[in-house]
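A short write-up of the structure that comes next.
The values are calculated or read from the model by the stated rules, or taken from the named source; none is laboratory data. Because the structure is predicted, anything quoted here is derived from the model rather than measured. Don't worry about glycine lacking a Cβ; one is built from the backbone with ideal geometry, like all the others, and counts go over all protein chains shown. Please note that ligands, DNA and RNA were not included when accessible areas were found on the heavy atoms of the full protein model with its side chains. Shrake-Rupley method; radii C 1.70, N 1.55, O 1.52, S 1.80 Å.
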Amino acid sequence: MTAIQDVDAIDRVRRIAGAELSLQSRIAHGVLLAAALAMTTVLAALLLTEPDLPLRTWAALAVLTMIGAIWTGYAAWVLARRRVLFARQRVVAGWLAVIFTSIFTIGAFAIGIAGDVPAGFAAGGLGLALVAGSGLLLARARRRLAALLDRRRELESLHAGVAR
């Protein structure tokens, strides 16, 4: 490996680290944590203080509370690790988005079919767009993770060759 290649590799690592550990990413996850926690608290309070809710409403609020609790846990996990938006975290967030938008879409279509509610079909159509968007984000995150893992293996093999 030449000195120019060493400098290029170091610059690439610095650019990656700078993008991954940015203040903007920390702030975004802090906002996610606050919003998810607030949403979860309000929904849980509704569930606890309104005992006469219809079963469908109670079920919807319970699912939304669970989703909010999981997003709260995700944001807390990312912030506690102090390594915001590493590729694995993007993959986890992508899977959460795909799962939760799928739940929304299935629920919306179920309401449209079971209750013969046209708005349920409209919401289901929007849900399909959300599932597609979250699927694209997940695919991009998985490609990025694969590229970083390939790069790490390449650097490890170069380091092993130099160490001999």
I'd like to check something: does region 103-112 contain any residue that is loosely packed, with under 15 Cβ neighbours inside 10 Å and more than 26 Å from Ser22 (Cα to Cα)?
yes
Residue satisfying condition, being at pLDDT 90 or above and more than 30 Å from Arg143 (Cβ to Cβ), within set Ala97, Ala69, Ala34
Ala34
Return the residues of region 41-60 that are open to solvent by 40 Å² or more (accessible area, probe 1.4 Å) and assigned to a helix (DSSP H, G or I); say none if nothing qualifies.
Thr41, Val42, Ala45, Leu46, Leu48, Thr49, Leu55, Arg56, Thr57, Trp58, Ala59, Ala60
Residues (assigned to a loop (DSSP other than H, G, I, E, B) and either open to solvent by 70 Å² or more (accessible area, probe 1.4 Å) or of a type in the set (Val, Ile, Thr) (or both)) located in region 113-140
Asp116, Val117
If you go through Val78, Val91, Val63, the only one that is open to solvent by 50 Å² or more (accessible area, probe 1.4 Å), on the phi < 0 side of the Ramachandran plot, assigned to a helix (DSSP H, G or I) and touching a residue at least 40 places away in the same chain (Cβ under 8 Å) is Val63
